[in-house]
Amino acid sequence: MRDESINHAFLDGVLAGEYPDVYYHFGVASGDGLMDALRDVRAIILAGSGDRIVEFAQRWSALHDGAPIVALPKEERFVTRYCAGVLFASHGMGMPSASIAVQELLRMLYFLKGGDHDAMADVFWARVGTSGGVGLPGGTVVVTTEGVMADLRPYRLLQGGSGEYWFDGTFPADVADAVVAASAGRGIPVEQGRTVAGNEFFLEQFRLDGAICMETPESKTAWLEWIHAQGVRNIEMEGAMLAGYLNHWGFPKFAMICATLLDRLQGDQVTASKEELHLFSERSGDVLFHYLTTTLG
Ligand code: R2B
Ligand code: URA
């Protein structure tokens, strides 16, 4: 872990019991008795939708002799379940929403592990989600090697004044390889590649079907061909931030596993049937669970 990147000025006072930390969007605080149930967390799994979180927790419980599922009380913003060492949490759509979940989960993890760097470094993080493929048919699972923004530069935010904060979007290659290996020979098409995180589903993904459209068919195709030539294989809305924040603290084990719903080189609208969409997103869940069962048991 990168000790100098951790906000000790705030977090160590929480550990010392000087004040509680309120994880406002999750509806819990560090002093709540409920926190004790989460202390043995070994993996934090994020997904956009709350329904997916509930399903994942049930699936994990079934694989662990019906281990109890603990729910965090507030569900207006994020849905959270803990079961047998894994904390499953939804993050909503887009980096502003997901960054709130990640910041509060980082704080929670620091508290749960008493600030112990080795214990934190042992925790595996993943985002499982959907995406638009770039040169890949719907139903392919992409394991991300690097998360970048639409200009292929890393995630960055405005800094007070005129500067920008930059974050490293690299995903650990050994983990990506292990995720792919855990699903080898199981009939799921899995690829590795760079992933663009757009701040918008329409404009920053160069769609022509938004209510507001700033692109032409030519500029859209030129962008898609450019990002494809630069190794991008899918487009979603959170990965560059997720990798950036986890790298900032120095986590060694994290991955992003996204199913593609369409090939953006073929169109913009998601026209797959409900059954197809279900099958596609099941695949990303299967890839996650194959990895979790091989690494966590
Ligand atoms: C993938 O799908 C969502 C948009 O439909 C977004 O959260 C993402 O990253
Ligand atoms: N999610 C995205 O962000 N983009 C797509 O094209 C599909 C799913």
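Which residue, of Ala29, Ala37, Ala57, Ala71, is open to solvent by 10 Å² or more (accessible area, probe 1.4 Å), more than 26 Å from Asp12 (Cα to Cα) and more than 16 Å from ligand 2 (Cβ to nearest atom)?
Only one candidate passes the filter, namely Ala71.
Return the residue satisfying two criteria in turn: it lies in region 197-212 and is in contact (Cβ under 8 Å) with a residue 60 or more places away in the chain and open to solvent by less than 20 Å² (accessible area, probe 1.4 Å), and of such residues it is farthest from ligand 1 (Cβ to nearest atom).
Restricting to residues being in contact (Cβ under 8 Å) with a residue 60 or more places away in the chain and open to solvent by less than 20 Å² (accessible area, probe 1.4 Å), the top hit is Arg207.
Considering Ser162, Ser183, which residue is away from ligand 1 (no atom under 16 Å from the Cβ), surrounded by fewer than 18 Cβ atoms within 10 Å (Cβ to Cβ), among the polar types (S, T, N, Q) and assigned by TED's automatic domain parsing to the domain that holds Tyr245?
After applying the criteria, what remains is Ser162.
Test Asp174 against the stated conditions and say whether it is out of contact with any helix residue (DSSP H, G or I) (no Cβ under 9 Å at 6 or more places or on another chain), closer than 17 Å to Phe251 by Cα and not in a strand (DSSP E or B).
Here the answer is yes, as Asp174 does meet what is asked.
Looking at (1) within 17 Å of the chain's Cα centre (by Cα); (2) within 16 Å of ligand 1 (Cβ to nearest atom); (3) open to solvent by 10 Å² or more (accessible area, probe 1.4 Å), which one does Glu236 not meet, given that it meets all the others?
Going through the list (1) within 17 Å of the chain's Cα centre (by Cα); (2) within 16 Å of ligand 1 (Cβ to nearest atom); (3) open to solvent by 10 Å² or more (accessible area, probe 1.4 Å), Glu236 breaks only (3).
How about region 6-111: which strands (runs of 3 or more DSSP E) wholly inside it have at least 3 residues that are at negative phi and among the small types (Gly, Ala, Ser)? Full working, then the answer.
On the way: elements: 43-47, 69-71, 80-83, 86-90.
Answer list for region 6-111: none.
Looking at region 268-293 only, could you name the residues that are open to solvent by less than 20 Å² (accessible area, probe 1.4 Å) and over 17 Å from Ile188 (Cβ atoms)?
Asp268 - this is the single residue of region 268-293 that is open to solvent by less than 20 Å² (accessible area, probe 1.4 Å) and over 17 Å from Ile188 (Cβ atoms).
The values are calculated or read from the model by the stated rules, or taken from the named source; none is laboratory data. Keep in mind that what you see is a predicted model, and the values were worked out from it rather than measured. Virtual Cβ from ideal backbone geometry, glycine too; neighbours counted across all protein chains shown. Protein only, heavy atoms only, side chains kept; ligands, DNA and RNA dropped before computing areas. Shrake-Rupley method; radii C 1.70, N 1.55, O 1.52, S 1.80 Å.
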